[in-house]
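Enquirer: Please read through the structure below; I'll follow up with questions.
The values are calculated or read from the model by the stated rules, or taken from the named source; none is laboratory data. The structure displayed is predicted, hence computed values, not measured ones. Cβ placement follows ideal geometry from the backbone for every residue including glycine, while neighbour counts extend to all protein chains displayed. Just so you know, the surface numbers come from the protein's heavy atoms only, side chains and all, with ligands and any DNA or RNA stripped out. Shrake-Rupley method; radii C 1.70, N 1.55, O 1.52, S 1.80 Å.
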There are 2 protein chains.
Amino acid sequence: MLFNPQARVCAECGIRKHALFGSLDLSALDRIHVHIASVRLEPGQPLYAAQISGAAAFTVRSGVVRLERTNERGERRILRLAGRGDTLGMEAMLGQSYAADAVACTEVEVCRLPRSLVEDLTKDQIELARDMMRRWQRALDDADEWLTELCAGPARHRMLRLLLKLSEFADGSEVWLPSRLEMSAMLDMTIETASRIVSQLKREGILDAPDQRHAILHMPQLLAALREEASD
Amino acid sequence: MLFNPQARVCAECGIRKHALFGSLDLSALDRIHVHIASVRLEPGQPLYAAQISGAAAFTVRSGVVRLERTNERGERRILRLAGRGDTLGMEAMLGQSYAADAVACTEVEVCRLPRSLVEDLTKDQIELARDMMRRWQRALDDADEWLTELCAGPARHRMLRLLLKLSEFADGSEVWLPSRLEMSAMLDMTIETASRIVSQLKREGILDAPDQRHAILHMPQLLAALREEASD
DNA sequence: CGCAGGTTTGACGACAGTCAAGGCGAGTGG
DNA sequence: CCACTCGCCTTGACTGTCGTCAAACCTGCG
């Protein structure tokens, strides 16, 4: 049935139901996936850069990608994180340049979705347009949530919310733990404050760090700590 | 040519080029606008509420609308502002409930775009789908900008950025000045801090307030103040 | 071994939150 | 007309959180 090798890979992809072309049938998939490429990134590698006029969007198959911007004062600010099933750089589909830098936080696998593909498809495949709209709305929801949860309140509270969010991206029992520098950019605090809070949370038994880049979250304690704050 | 009275109003609308159906020709407009209603709101009136399963999106024709959320601790946080030409509540087009509260800040005129309309249209009007995608991307860009500009750095800096943003929404020389409570929700600070900073900026001649709800911004001084901070 | 990069910890100070009092304007009722 | 209240804004004094500066530490690596 499926002649294109990449189409076969995609058909077996664990996240296809959640990915951009999840609404298409297999034969359509076969035609489409001629153009789709799988990309692999090491931690720290850029996926794309702000201002660049890109020709593709990307769907994350595994790992965590951060979206970040540099403001006029040269300070980097992490806007949000994207994980499995999230789509990045959709502005490219509109012929716009990327609005932010996208950088791999962990080992990352993404599917590259060239702009031309969508341009051709939208002519007859209306379901795809709908799918893309759902993705846009999702990204916007994420942005709103990030703003309310990770930008407001005292430093400790923002850190607890971040840990909660990181647990959403976890494969197994260990979550990816950002560097203190990355945390500080996500939560608008200094690396010293981030370090102090993480140390404190370790002492409180909310979190263990087997190594520098991973953590084991003790969810009951974490949730209890968040509830405790809310009651104050 | 145009039989529908609302279509005539729309054809003459100053922002039609920038509005959702700007890409359609006049005869298409005539068919469409049977369903479109103009809505007028007073300051403080809600346009829609979070969690409600809405049946329409809205395009702002005049005035300023704020999007806000209440977190689990009962604190309201303003996510962003929308002005002329911006579109709100597009999640309704996907059959989702509204993700935030939308409340009029000033006198507001919006066009109501029922979900059914878009559902019918997307079948043959591919340009509309494209238009909607552009809008989604724009909303996402706004969210990113809000995050980088209004959530980071010292309180004074955030206030200056807010004033700059408010100037984008101005009709004439006067800008709408939010209440201190609203400012505090936008910038994640207390109303006391907001009040102190605004008073200070008045003393510095960056801003004059003829009345409580309006301000005259002295842009050269404002921009100078922002540059001054960047150099530190 | 020494170096570099990231992390942790401490001391100190400043910015912003908290608590409290007072002012101003609009609307209400005597 | 004045007294009164109410909501919102302003200002002050004090406190605490968090940023700044600095030193020490750990780990991997040449």
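Enquirer: Looking at A:Glu204, A:Glu229 in this structure, which one is surrounded by 12 or more Cβ atoms within 10 Å (Cβ to Cβ), more than 10 Å from DNA strand C (Cβ to nearest atom) and within 14 Å of chain B (Cβ to nearest Cβ)? If you could, list the steps in order and put the result at the bottom.
Expert: Numbers: A:Glu204 fails: within 14 Å of chain B (Cβ to nearest Cβ).
Every option except A:Glu229 fails the conditions.
Enquirer: Could I ask something else about it? Check the stretch A:110-123 and report whether any residue there is open to solvent by 40 Å² or more (accessible area, probe 1.4 Å), facing another protein chain (nearest Cβ under 10 Å) and among the hydrophobic types (A, V, I, L, M, F, W, C).
Expert: No: the stretch A:110-123 contains no residue that is open to solvent by 40 Å² or more (accessible area, probe 1.4 Å), facing another protein chain (nearest Cβ under 10 Å) and among the hydrophobic types (A, V, I, L, M, F, W, C).
Enquirer: Any residue in the stretch A:171-192 that is within 14 Å of another protein chain (Cβ to nearest Cβ) sitting within a Cβ distance under 7 Å of a residue that is open to solvent by 50 Å² or more (accessible area, probe 1.4 Å) and within 11 Å of DNA strand D (Cβ to nearest atom)? List the pairs, counting only those 6 or more apart or interchain.
Expert: Matching pairs, first to second residue: A:Ser184/A:Thr190; A:Ser184/A:Ile191.
Enquirer: Across the stretch A:153-168, what is the number of residues that are open to solvent by 10 Å² or more (accessible area, probe 1.4 Å) and within 16 Å of DNA strand D (Cβ to nearest atom)? Break it down into steps so the answer makes sense when it comes.
Expert: Of the residues in the stretch A:153-168, the ones open to solvent by 10 Å² or more (accessible area, probe 1.4 Å) are A:153-156, A:158, A:161, A:164-165, A:167-168.
Subsequent filtering for residues that are within 16 Å of DNA strand D (Cβ to nearest atom) retains A:153-156, A:158, A:161.
Result for the stretch A:153-168: 6.
Enquirer: So, in the stretch A:54-89, exactly how many residues are within 14 Å of chain B (Cβ to nearest Cβ), more than 15 Å from the chain's Cα centre (by Cα) and not basic (Lys, Arg)?
Expert: Counting residues in the stretch A:54-89 that are within 14 Å of chain B (Cβ to nearest Cβ), more than 15 Å from the chain's Cα centre (by Cα) and not basic (Lys, Arg) gives 6.
Enquirer: Could you grab me the full set of residues in the stretch A:179-201 that are open to solvent by less than 20 Å² (accessible area, probe 1.4 Å), farther than 26 Å from A:Val103 by Cα and not aliphatic (A, V, I, L, M)? Walk me through it before giving the result.
Expert: Residues of the stretch A:179-201 that are open to solvent by less than 20 Å² (accessible area, probe 1.4 Å), as a first pass: A:183-187, A:194, A:198, A:201.
Subset that is farther than 26 Å from A:Val103 by Cα: A:201.
Passing the criteria: none in range.
Enquirer: Please go through the stretch B:94-104 and pick out each residue that is touching a Leu at 6+ places or on another chain (Cβ under 9 Å) and either open to solvent by less than 10 Å² (accessible area, probe 1.4 Å) or polar (S, T, N, Q) (or both).
Expert: Result: B:Ala100, B:Ala102, B:Ala104.
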